[in-house]
Every structure is written in C-alpha cells, then in structure tokens.
1. Between B:Arg723 and B:Lys239, what is the FRET efficiency for a Förster distance of 51 Å, r being their Cβ-Cβ separation, to the nearest 0.05?
2. Round to the nearest 10 and report in Å² the accessible area of B:Glu891, as given by a 1.4 Å probe over the protein chains' heavy atoms.
3. Rolling a 1.4 angstrom probe over the protein heavy atoms, how many square angstrom per residue are accessible across region A:14-168?
4. When Rg is the radius of gyration of the Cα atoms in chain B and Rh is its Kirkwood radius, what does Rg/Rh come to?
5. Taking the Cα centre of each part, how many Å lie between region B:457-527 and region C:1-35?
6. Just to verify a number: what accessible area does B:Met1 come out at with the full protein assembly present, 1.4 Å probe, Å² rounded to tens?
7. Return the FRET efficiency for the residue pair B:Gln510, B:Cys36: r is the Cβ-Cβ distance, R0 is 25 Å, and the value is rounded to the nearest 0.05.
8. Report, by chain and number, residues whose modeled amide H sits under 5 Å from the one on B:Val752, excluding near sequence neighbours (fewer than 5 apart, same chain).
Amino acid sequence: MAETCRQVLNGAGVNSDRLALEWASAAEGPRFVELITGYVNRIKALGPLGEGPSEAGEHLERRLDAAVKAAESLKVRTVYGNLAKKFHKAGDYSPEAISAGVREKIYPAFRREMLTQEIISCVSEKPCTLDELAEFAGASAEELEKITAALGKKGILKEDGRGWFLAR
Amino acid sequence: MITNASLQAIEGQPGSFVARVHQEPRYIDEDKCTACGTCTMYCPRPVADFYNERLDVTRAPHIDYAQAIPASYYIDAKACLRVNYETCNLCAQTCTAQAIDFSQKPRDLELEVGAVVLAPGFGRVDNEVLARFGYGRYPDVVTSLEFERLTCASGPTEGHILRPSDQTRPRRIAFLQCVGSRDETCGNGFCSSVCCMYAVKEASVAKEHEPDLDISLFFMDVRTQGKGFDAARKRAQEKYGLRIIRARVPNVDQVDGRLLLTWVTDDGKSHTELFDMVVLSVGLSAPEDARAIAEASGIELNHYNFCKTTHDAPLATTRDGIYVAGAFQGPKDIPESVTQASGVAALASELLAETRGTRSVTVTYPEEDTSLLEEEPRVGVFVCHCGVNIAGVVDVKAVRDYAGTLPGVVLYEDTLYSCSQDALKSIAEKIKENRLNRVVIAACSPRTHEPLFQETLRSIGVNPALFEMANIRDQCAWVHSQEPEAATEKAKDLVRMAVAKARLLEPLAQPTVDVIPKAIVLGGGASGMTAALSIADQGYQTVLVERSDRLGGNLRDLKWTLDGRDAGKILKDLTDRVNSHTGVEVLLGTEFKGMSGYVGNFTSSLEKGGQTELVNHGVLVVATGGRPYLPKSYGYGKSKRVITQLELESRLSKGKNPLRNVRSIVMIQCVGSRGDDMSYCSRLCCSQAVKNALKIKEFKPDVRVYILYRDMRTYGFSEDLYREARKKGVIFLRYTPDRKPEVIRQTRGIKVRVYDRLIGDEIEVPASWVVLSVGIAPAENEETARLIKAPLTQDGFFLEAHAKLRPVEVAVDGVYLCGLAHGPKSLEESISQAKAAAAKATIPLAKGKVAVAPIVSRVDKSLCIGCGICENLCPFNAIRLVKEGKRRKAETITASCKGCGICASHCPALAISMGGFTDSEIMAQIHAFSQRECEERRES
Amino acid sequence: MKKTGAIMVLGGGVSGVQTALDLADLGYYVYLVEKKAYIGGFMAQLDKTFPTNDCAI
Amino acid sequence: MTQKGFDPRILGFFCHWCCYAAADSAGVSRYQYPPNVRVIRVMCTGRIDVRFILEAFKCGSDGVFTGG
C-alpha cells in the first residue's frame, strides 16, 4: 500500500517523503512522540505541498485528482489486489520484492489510468492535438498515442482535424 | 443501594446469612428529587461543607457534588431546624417536586444474603495528631485532602491555590510526609502506602496550576513502589523541579504569618526555613467504626484495628462467608483496592456458585426508534471540559460555538464532565428533546469512553453506532498544553471531522455470540493455580497450562511469607487442591503456541512433547510469572559468600546450623532494580530483606546485620517488621546511586565499602555473607504477548487495560492478567490479583453470551465480482466465497471478523464496507480535514 | 441448607462499588450498604490520580 | 521552524489498537508534541485504501502519517 502510494505520488509530482508509515505499539507513548515530532519537522523542512524539492507545483491538484480516479478504477484495483494476493501467498514481504512488484505491475496500470483521466479532462474542455495533450498531462506524445487510440476504439474519443474530442 | 445505613448484626451461616441494617432517613425522596437546588437556596441554616473539607459552606439540605450518586439531595439531620425543633419547614414549601418528606422514619432492614463483603474503606487520622504540626492553630497548615480540594477546578477556590489565612497565593509550599503513619506515638505504626505518591501528584498538579511555585517535600523514604510510579515520580521531579528533602519535620511554628520548619538531615546537620503553606500528607487510619463493624459482623481485627487477614488468604476474614476488600484490609491505593474488590467478588461467587442467576435482574433496552433515521441528520455536539483537563488548555466555549456553525448540527453544548452520571442523564434528555439522530462528544479517547456513551444511547432507544467521538483530551489538550491556541484550532478541526463522519453514520446491528464455558490459565505458579481453582470453584472447566514439569513457580523457592507462614505448606495445599479438583485439568510440560478467535470463542494450540493439541475456550488468564534478576555485579557467581535473598532463605530453612561461622551479614538493596537493567522498583525486596534479617536475628542474635538501602519501602504492615529489625539491632545505611557500595574480595572473606552519611566518609564492613536483594525481571513475555496480541509496558510486563480501574484486564477482550506477569508484587498481592482475574474471567463465562462489536465487514453482493482477493488476504479467515447461482460471491463470517478492513481496502469492485468506517465516512473526514473543501461545501 | 444468591456489600467507596458491579455481572443480587448519603467514598474527593493524573470521578 | 511561518497541516491515519493507543498513552503521560496532526481513527492500518492517501494530498494535506 505504502509503496504504491509512494510511486504514484512521485509520478504525480509529490515528494513521497511526505507519506510516512510507522509503527508504535500501545505502550510506546514516548516512541510515538519521537516519531510524530520527527515527522512534523521533516514536513516543515519540505515546505508546503507542491513547493518541496522535485515537486510539480502547478498541476498538482489535477494530477492527484487523476490519481484518485485511477485508484477507484476496477482495472487498477484488480492489479493491486492480485499483487497483494501474490505476496500473501508467497509470504515474501521484502522491500525489494514489493518495490519491484509495484514498479512492474501496479505503477504501469496506475499511470495508464491516470493519463486516461488527464486526457479526458483535457479534451472535455476543447479538442486537443496529441502535442497539446502531452503538454497538459506531462507525458510524451508516443505514450499518449496508445491510450488515445484505445479510447478511440472504445468509442469514448473521436479524432478530426482539430485533434481528439469527446465522443458525446 | 441503601444509603445512610449502618450494619447492626450478621446472623446465620455462610450461604444463608441475615444481615440487620439500620437506615437513617434522608428526608428527601430519591425518586422525586430533581436535584434542582432550590432547597439549598432557601435553607436558613448554614453548615460546613464536608465534601470540600469544610473549606466552604453549604446548607442543611444539599448534595455533596454535582455528580453524586444517588443524584438526589439529602438533609443533614443534625443541622436541620425542622428535624430538631419542628420549626422552619421552608424547604418543603419551596420544593416544586414535593420531594421533601419529614415524615420519613429510621428503618431497620433484614437482608437475606449468602455472603457479606466488608469494604468500609479507611478512617481519618485524629485531629489531635495533626495538631502536633500546627493544624487547627495555624490556618495555612492544611491536610492533603484539603489541598486536593483546593487544586480541583470544581472545588471551593475553582482550582486556584490560595492560603486559607489571607486568600493570597503562596510562593513556597512544604509537604510533610508520614503524618499519622509510621508513627507509634499516634498508634499508627504502619506505612499508609499511598501518601508518597499522592504528595508527588498534588505537588505536580500545583505546579501545573502555578508554575512559579517553590515546592519542597519532606520524606523519610520515598515510597513510590507501585507499577510505573517510580518513573512517574522521577519525571515529575525533573519536570517540575520538586525539591526532595530526606528528613522528618517534628513540628511547625508560625512566625510573622509564615510557617517555620526545622529539620535535621541524615548527615547530622540542622536546617531552618520559612514556608507560606504546609501540606500534611495524612495517612490512612482504620475506619472509625471498625470496632462496631467487627462486633456486628463477628470478625476479628488486627492490632491497628484493620481487618485481620493472612498472607495466603488476604481477602478472607476470620469468619467464613464474610470477606474483606480495600483499605479496611490494610492501607492501599486505588488499583490495589479495585483488584481486591474484584477478587472478593470471586470469593463470594465461589461460595454461592450454585445460586448464580437465581436473584439477578437483567437490564432491558427500549426498542430502537427507527423513525429518527427517516429525518435528515440532526447532529448534537457536546464539548467536554473534563474539569481543567481540557478546559485548562482548549477554549471549550469557542469550540462549542464553532460546532454550531457546522452543517447538520442542531444542538451544541459544553459539559463539565460528560462521563458523570448527571451529565449522561442530561445528554440523554437532550437527545430525546431535540430528536438528535447523530451524537458527537468531543472529550477523551473513544478507546476508554465510547462504550459508556454508547450505552447511554442504547438506554434511550438510539442505535449506538450513531455516535462519534473527537479526542480533544488525550490527543489534544494533554499533549499541547503549552500551545493553547493551536490546541483550540486542532480541537475545532477534530470536531469538524467528527461531525462530517457522524452525518453519514448508519445504525448497525448488535450481534451476540455464545461463549464456550471453559477457561485456560497460563502458568502454574501461585497466581495461576489460585486463578484456576477459583474459576473451577465458580463452576467452569479450567485448563491449567504449565511450561515446566512441576507446579509452583517461584513459590517453590520461597520459604516463609512476610507474616511468617510456611510457604511450603501453602504450596502443598495449592498443588493438592489443583491436582484433585475435577474442574481443573493440569497440563505440565506444555507450551502455549498460539491463539486465534475472540472473546468467548478462542482456539489455542498447546504443544506437549512435539504433539500439538487445539483447545477451544472462552477466556484466557495470563499468569506466566516473572523470574529473579541474575546480577553480574557485586561479585555474584564468583564467591559462595555472595548470594541472593532467595538463596539466603534456602540456607536459613535448614535452621541455625549454616550460621555457625557467620559473624556479619551485609544485605544490598536494589540490585538490578531502580537502575540500568531494570528501571522500576521491584516492590517486595525491602520487606523480604527485613524478613530475612529478623530470621537471622532469631537464630543467632549476635550476628551483625547491615542493610544498605536507597529507600526502605516496607509499605503497609511490613513497616512493623522494619521497626522490629531496627529494635533488634539491624543496622540500616542509606546509599545513593552515584555512590553504590563496593564488594571487595580478599583472600580471607569479604569486605563491603560504603559511604556513611553520618560520619561523612567511607567505611569498610567485613562480611561473612553478602546478600543481594535482586529484583524481579519479566519472564519471556514478548513471545506470549505476540501470540495473544497484547501490549507490554516498556519494562517488559503486561500492560493492563487501565492502570486504575481495570488492573487485571488486558487490552484484548477476554484476556486477563495476574501475578508477576503484571509486575513485581508479594505473594499476598499475587493471590488477591489472581482472584480478581478469576472473577473477571468468569464474567463472560457466567453471562454465556458476548456482544460482538459491529465494526465487521459487509459485502454488497450486487457489486462483488467473486475475485477472491479478500478471502485470500483476510488474516482471520473471516471471509469466504460461496456459490450463488453461477457466480461466486464473498461473504463475511461475522463472528470471526475483527474489522481490520484489509478486505475493503483491497476490493477491486469497492463492494466491501466496514461498519463504522465506511469509505464515504472516511472520505468525509478527509474532506472535513481540508478546510478548503469544507468551505466549498458550505457554499454549495 | 439452601444458599441465597444475594450478597451484601458494606461500603460504597471504590472497593465496594467495584465488588458490587462485578458480583452483579457474575449473576448475583447485591445490596450496597453505605453509611453516608452518597456512594463514592474518598475517591470522589480526589481531583486527579497518580501517576497518570486521570480524572478521578 | 525551518520555513518561516509554515505550519504544516498533516493528516494521520492511526490504528485503533496500536498507534492510536500509543498516542493516548503519550497524552496520559503528558508528553508534548507539535499540534499539526489531525487524526482519523481506523481499526487497522490494513483499512487504509490508496485512495484515502491520494485524496488527502489532493485536498491539500502537506503530509500523511499512517501509524500502525
């Protein structure tokens, strides 16, 4: 879960250090205080959301919105659930295995779904060319081409001289 | 409940007594009184307010405090003009409820009971004793209980510490310990066991109220031996800069309106200082009516007029069927009193097992009012002051008013103590009046108080799931006390988030499951055996699991109890009873390997000789014990002359022979305890050392016995042993941790070098034997804790559910705790605690049913795609796939579900929702957290 | 001899109240006998308790 | 403070049995820590959906602390 979030956050332009996953048992009041104090200081050092190092300030909210929608999609969730199932069966929870699994399986699905969302939100305003879409979504035209083609096949998008637009 | 009553006599025999009780009238009908206070207002007769330690004045008809039970006023018959002179009658005329009834007469009741529990508490120390310290003569000498009222927000000064003489703020306060304790001249030779701790508490609270106060505490020994107390004392000392002086102040003089104290420290120096206020840390005496109670109930008292008991049966009086608990058994603090209270319930329950349920009444709840939910969310928010706990930091009124601006909120109020009986009653009334269908209480932690408030909702026909708490105490006011503004902002945010969630709450069914009427007790030591026997005597099958191949645990190494009883005989009696009891199955050489399930339906795997057996049971008692600390210091293990107290006992058990060539014995206290290896006090080593020193003196009076100590913590009646040891010539030398004694081995014998405070130099004491008072270390608790998912303290002992009020319960429902697994304690205390754990463990067995928290998962089958991810991931095997037509659908096994939600967070189709933690509820909290969203919503 | 499934608890302080509650939970009838006008005992007079300074009421 | 006047808003997801209990016990001992975290109690960290965390950031949270 945390690893998925980290990779997705990074992909959306959020420094994944902003997400912490820590453990403190019921009796560990002092440890909790240490953790929380350290964490708050870390965030203070990063500055407000979007202004930290390697963070994409301007499109952040839109990118995250796309990420949330992607996280709701059946396709991404199925990949996510199945990977969790695989780890559970294998009993292998090493950070390397998880990181690789997320990178190879979940993140691509996530990214595809996020870009789909970006494309849809872009073209719902006005028809866009691939280059315009690429600039909007912050991705390469080649990567987007596959997605628009697929959306075109499903009849969600149509293309004409001005570029891609919503079918309905 | 029978108030204003005293016991006259108990006739009959165990199982069927008749208790004669005399009841004085209240003159106010409890059922009619609405506690409005009009009578107090009109009464012309002022009386001292005893609840506020006479620091305030009230009238003849009054209520002690707003939260009092019964929540009804009463008339102080001694002061009332109507009762004594047949005049006045003003109150009766003004009472609109017509609750005042002067025709009430004293009543004599005859109660048919099977058993009697005596819990009359403790008495006050005579004013004559307090007068020696200027009490009564100098107004600024106050008792600790008076000081407690002064620091209380709802007390006579509203929490401001003011000198009674001139109502000014004191700058320097002195606490004098051992007033009416450890003092033979006043008849109280025992240690009251609680004053050291409450003095530190009161000093800390005072410093919290007035940070620039200068506080000195005068101790003979600092006796903070309770669980976690030493750490708390140290923290308070450091945080508040409390000054600790080791001396007993003999008297108090008044000079120019200030109080002059003179004392001598143990280096022989004399000191004099002026203070503005002196607090007497008054001890606990036997109850004033102890003699009357003893006569009426036919029991014996000890030489201090407390109830007479023995260390192997601390809760039994000298008369069968009559039991004792609390301070009447001996001075003790709240957790120990609560422990004994539960323990004594076990004793009565053992005696009367066959009659269980014949006279009991069950609570019934009204039907739920479903019409409420047809309306829009009508949220009521109650913001709790918790005295000064919250209101001292957070601006409660501002939070309350803020709550009123939130969508859906129709009622917003603040309460002084939301959890008090009167507040609950008023909350219940307001819910009904305003037809609230969602309730938010901003107060303490839902972990401790949610059940209480939910019970209130149930009692008025509102589904308990329609309730949410905002934790503005434990996670706000208490932890941000230096930043009141930020804390207030946080409290507002938390309330906003709680309200957002509350608006979406849905009623949940309250499932119950049957309880397997069987208990497992882990550990076959004194505690485990006592607990197993008690549960079995109360009528339930018990499995006693012991890892080693013998019963007895640490009791096997003990030779005498503190009251001189033969420990071997106690051990034999216990093991014989355990082995012959048909209700107890003993499994020796058996390891506990794991436990699954939940209260009422646990399954444990027990391994014996490589064979694993699964046992189903309803409850678990953890009595896995502790072990003596094995020291590396003081040359232990390198010489036969350096031994532990238990090893000394073993030598002494052979009589005086081993002492043949022994001339001098040096005992060193706090070996391992209160130091680097174990930061806590092991509680019993001081008494143990004194006990053994006396044994040595008994066998061979001319042996010189030295006890090198840090604080002699011979609390309670063990103080008698300490005094006797001093009288018999045992030499006590105090050392400090920065100047520990040194053991020097020589070719012939051993010397101990120690700093003598009176001489002001190091001395060397030759020692035939050096006896180390080693502390009690936790057993291998981590593994057991992991298996049952119970938390440990930082010291490695099991953590109880609540330090004061639930001392033998563990955070895991259905698991109970006793003996050394909980923390260091004496045999007497272990037995009380084992009985208490047995009582608590028997409650679910006796009820036969337990309620399952309705936080379980629920599958929306219309959305489920039958992928099986949830079934695979569930850590409790609480979800399964079933065929429905051609498709597979997931289904929750409610009784096994713990509500962890891993299924919901991994469901591809978002088909699973968690009771009380649905996606939309959590999303609403996230949105409410982000104020921006919240404002947008309000606009729309 | 027939035993009675009721118990008298003398004293309405923290010990007595706890005993009464446990016994009621265990299925017995309890008479709680208190010499004062209210139950609660000394604990009700305490402001806070050591070491956690939890509210005593 | 590292950045002048920056008071981060942080959302916490705490496990009822562990971190939430630890936070309560910190309160009981009166430890002090920065007041920047707002807590959502869940019965277990397993309950936390990726969506919750992304949503929190989307809504402008400067950080998300999940405590098991």
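1. Numbers: r = 35 Å, r/R0 = 0.68.
Efficiency computed from Cβ-Cβ geometry: 0.90.
2. Accessible area of B:Glu891: about 50 Å².
3. Details: 7840 Å² over 155 residues.
Accessible area per residue, region A:14-168: 51 Å².
4. Numbers: Rg = 30.6 Å, Rh = 31.3 Å.
Value, to two decimals: 0.98.
5. With region B:457-527 and region C:1-35 each reduced to a Cα centre, they are spaced 29 Å.
6. Probe radius 1.4 Å; accessible area of B:Met1 about 120 Å².
7. Working: r = 36 Å, r/R0 = 1.43.
Given R0 = 25 Å and the Cβ-Cβ separation, E is 0.10.
8. Answer set, sorted by chain and number: B:Ile744, B:Val765, B:Ala767.
The values are calculated or read from the model by the stated rules, or taken from the named source; none is laboratory data. Not measured: the values here are computed from a predicted model. Note that each Cβ is placed from the backbone with ideal geometry, even for glycine, and that neighbours are counted across all protein chains shown. Ligands, DNA and RNA are stripped out before the accessible areas are found, and what is left, the full protein with its side chains, is counted by its heavy atoms. Shrake-Rupley method; radii C 1.70, N 1.55, O 1.52, S 1.80 Å.
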